[in-house]
Every structure is written in structure tokens, then in C-alpha cells.
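The values are calculated or read from the model by the stated rules, or taken from the named source; none is laboratory data. This is a predicted model, so every value here is computed, not measured. Every residue, glycine among them, receives a Cβ derived from its backbone with ideal geometry; neighbour counts consider all protein chains shown. Side chains included, ligands, DNA and RNA excluded: accessible areas come from the protein's heavy atoms. Shrake-Rupley method; radii C 1.70, N 1.55, O 1.52, S 1.80 Å.
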Amino acid sequence: MPCQIPLYKKFAGIRQAPPEMASIVSETVPKFTAEALKSAAKQSERCHIVPLRLRRAIKKYLREQEEPHMKRKVLRLSESFSQIKEVNLMLPTSTSKELVEDPLKSVECSQRWKIKSAYGDIGLKYREDETVAYVASRMPAVYSALYRVLSEVRRRLPGFSPAKVLDFGAGTGSAFWALREVWPRSLNRINLVEPSQSMQRAGQSLIKGLKNLPLIQSYGSIQALSQDVKKSDRQHDLVIASYVLGEIPSLKDRITVVRQLWELTGDVLVLVEPGTPQGSNIISQMRSHILWMEKRRSRKLEDASGKECKALTTLKNGAYIVAPCPHDGSCPLDNTGKYCHFVQRLQRTTSQRAYKRSKGEPLRGFEDEKFCFIAFRRGQRPREPWPLDGMKFETLKEQHARRNPEDLEIDYEDQFISSEDEDVQDEDPISYDSDVTETDAITENDDWEEEGEETAHANLGSGWGRIIYNPLRRGKRVEMDICRSMDREGTEGSFDRIVITKSKNPTLHHQARRSVWGDLWPF
């Protein structure tokens, strides 16, 4: 019987491989430096500025509509979203659990995988005035959240360049604008599924005048898309469903839609919902269902195939999570009273400042958009070395022993928390000089440009944890709530508070002080 060797040990909140393991992986471990670790772990953006081309398009669209009483309509739209939350709260927890874990137990449920009605018949219907209010008040925030999510997918999958994309519940095209910013050169075709005609018209109006657009086709339902496209052409490199599943009041229909979207996914599926307990619950349910469904399918194929075909079967089937989860096990936040969500700060656009109401006080120049998301990829999670495998860090005492007396300087960094370390600020740091340039004309210089590649990226192995909530900085120690994998296969996860001290590891302490909510953390 082989001896049992622990995979790692704890040291100042860091997992380090034992010498035996380090010698095994030493040849394949990437040579991370302190700066490379920081670059790879950084996933957040402090305050996103909506691109000038999108601000121009929104401003031009709203001017053409000439809608009166806009503030009142924006308020009514907000009330509609609140009603959706109330409907989701009414779904029985017991029924939800049974459907997610094994939906095929119910004969009635199994007959509903093919929805006969259009998605618009079971979702929120947008009238013309609600569409205009949505463009004015919500589109910039939804775009910013999607840009954040898709940017992380690009960083985690540096070789992924989607050519064919499906946007389910496309609305006014927020995902399309984010896609063009993140992958401006790779897009060839985008299929939009949106039952609201007013939303479709608004999306077409917003992109009017843009150059070098991919082929864009709009459909009212998934069924319409399936009838129009050949079966061999239905697979999409990337499928997105953002801020839409919560608008489907039936949990059975919601699971049905996600199953259909997964069948249309050739590589990556991204689901995004508002950062509320209800939105997090929806993401958690869909996460559990897709992972359960693929594990069940893989077991069936393995049982049906011969041993010689098992390797091929493994490559073609299965699913794992690209982000935000570092593992594919049960969510460790379930039944804890906490929920997984993130926040993206954005500069408010001219329309948002004009039409959003404030409670008797001047409206801040920024807002924080809370969101939940999940990104799946087909296949098996890669087995990658953990980032800190084989790495050695000096303690503060060891660093002090090496320094030259003439180089000593007083370090005030740890005596005060600088404004750089504060994630949430009360003051309004935004200036609006860029609003002066919001002209209607879209010139040739507005063409999208590819962003430069990062010098280092976090691989898809299970060695990168996720920082949930704001880190607590207490003098020379930093406390972080981290969701992480418990094994190298990524089959089980945990949610723990990690403490990094300057005395035991000044290098990682320096990185921890500059890490924020949503960043990755190496193990």
C-alpha cells in the first residue's frame, strides 16, 4: 500500500508543497516572480469608465426618442425589477433543491425541456418607454459588469478568441459592446435572442454608424434560432446569458433554458445575474445543475464505452468552472447566510446623472454595480502546478539580516492605510471633462483596438483562490476571506479566512495589502 504524503502544509496562510512534491513539479513550475504573481492575481478594476463610443451612442439615441417624464419612467423600471425579486423569493426552497439535484425525477419536468412558448411569454416584457428608461439608467452599469466578467475570461483563457457568439436575452446589446471591447478582432458572427421588439430596435439604433461589425442576426426565441440554423452550425464558441434568468419566474423553465444554452455551447458558457441573494441563488442553482448533468453524462458514456475509449471520452465530455470558483465541488457558502457576489464601480454617464433620482442629495458621480457570475468550459479541469509550488519566500527577519545599514529608511507604509488601499470611498473622485467630447459623430478613429496581453496570467488549475469581500487590513497583518480548492483536482472547496503577516512573509503581505475584492490569491 503506498504511503500517504500530505499535498501541502500551512505556513502563514500559504500552502507549500513538501520537498518530495516540489522535486516532482520543479521542471514544470512557472517561474513566478513577485510582480508576476501580482499581475496574474489582479482581476478587478477600481472604477470603470464607459467607453466614449458607447456614451455617444446612448446620448444620441436618447435625444432621438424625445421621451418626456424620464425620471418617472426610470423609477417605474426600477420598481419592475423589485417585483422580479419578490417573485424569486416565492419559489419554494425544497422544490428548487429537488429540481437542481435531479430534475429527471419529475415526469412533468422532463417534458418541459422543450419550451413551446417563446421566452418573451414567460419573461419581463419591455414596452417602448421601459426600453428607453433601461438605456438611460441601466445599460452603462450592465455593460461595465459584463466587461469585467469577459475581461477575466480573456485573462484566464489567453488562447480563447470566440468567433461565433450567442447572446441570450440580449436586450439593448450591452454584451455586444463588452464583447467588442474585449475581443475586437475575433468576432465573425453574433446571434442575438431577444423577444422584445423595442429592445431589438434600441440595440440596432445604438450600433448604427459603427464600422467593421460582425454578422449580427436577431431571433425572438431559441426555437426560432434552431429552426433557422442548421444543426451542424448551432454550436457557439461563447454563449452569454446576462441579467435574464431572474426574469423567468418559473424555476423549471429557467433550468430548461440553461440546458438549451449549454447544448448550444461549443466551448464557454457565461451566466451573469444581479449581485443580490436572489441572483446568487440562481447562479448557484445553475452551477450545481450543469456540473451534475455533465458528471452524470460522463458516467453513462464511460459505462457504455470500452476501456480503450475512456481517454477519448474524458476529453470530449465534462465541464469545469473557469471563474469565479477555483473548484468544481459544492459551494462552501451554501447554508452559511453569505452569498457570492462582486462589485464593479463605474463612472456615471450623462444620462444616468440626468435621470436617476437621489434622496434630496446631489447624485454621486459613480455607482457600484453588484453582480454574480459563473463561467463554464467544456472538458476536464487542467492539472496545473500550484503557483507557489517550489517557491521560497524570505521572512522579514531574513530580509533584515541581508540589508545594508546605509540603505535603512523609515517605512511609513504600514503605519497608515493609504487611499490606494481603500476600496470604498465616500468622496466623488470622478471628473467629467470627457463629457464635453461626447459628440454624435463616430469617426474612423473610433475603431476598436486589441488590448495588450498581460505578462502573466493565472492558469486554470486549482491553485488560485478567490478573494470574497473586502480584505481587512490591520496594521502589519491582512485578513482575507478566500474561496479555495482543497485538492489539486479541484473536486472540493472551502471558504476560509487567511491571515498574512509581514514578519513571516513580507512579499505576499505586500501583495495582500494591494489585493481587493474579486482578485485571485495564489496557493
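Would you check if there is a residue in the stretch 502-510 being part of a helix (DSSP H, G or I), under 23 Å from the mean Cα position of the chain (by Cα) and either farther than 13 Å from residue 325 by Cα or not β-branched (Val, Ile, Thr) (or both)? Among the residues of the stretch 502-510, not one is part of a helix (DSSP H, G or I), under 23 Å from the mean Cα position of the chain (by Cα) and either farther than 13 Å from residue 325 by Cα or not β-branched (Val, Ile, Thr) (or both), which makes the answer no. Filtering 242, 186 for residues that are touching a Pro at 6+ places or on another chain (Cβ under 9 Å), modelled with pLDDT of 90 or more and on the phi < 0 side of the Ramachandran plot leaves a single hit, 186. Scan the stretch 467-497 for residues that are touching a Phe, Trp or Tyr at 6+ places or on another chain (Cβ under 7 Å) and either assigned by the TED database to the domain that holds residue 331 or part of a strand (DSSP E or B) (or both) and the total you get is 6. For the stretch 490-519, residues that are open to solvent by 40 Å² or more (accessible area, probe 1.4 Å) and aliphatic (A, V, I, L, M) total 1.
Restrict the check to the stretch 199-219 and report whether at least one residue is surrounded by 23 or more Cβ atoms within 10 Å (Cβ to Cβ), in contact with a His (Cβ under 6 Å, 6 or more places away or on another chain) and not assigned by the TED database to the domain that holds residue 456. Within the stretch 199-219 (the criterion being surrounded by 23 or more Cβ atoms within 10 Å (Cβ to Cβ), in contact with a His (Cβ under 6 Å, 6 or more places away or on another chain) and not assigned by the TED database to the domain that holds residue 456), the answer is no, since none of the residues qualifies.
Which count do you get for residues in the stretch 251-306 that are within 19 Å of residue 167 (Cα to Cα) and in a helix (DSSP H, G or I)? Total meeting the criteria: 17.
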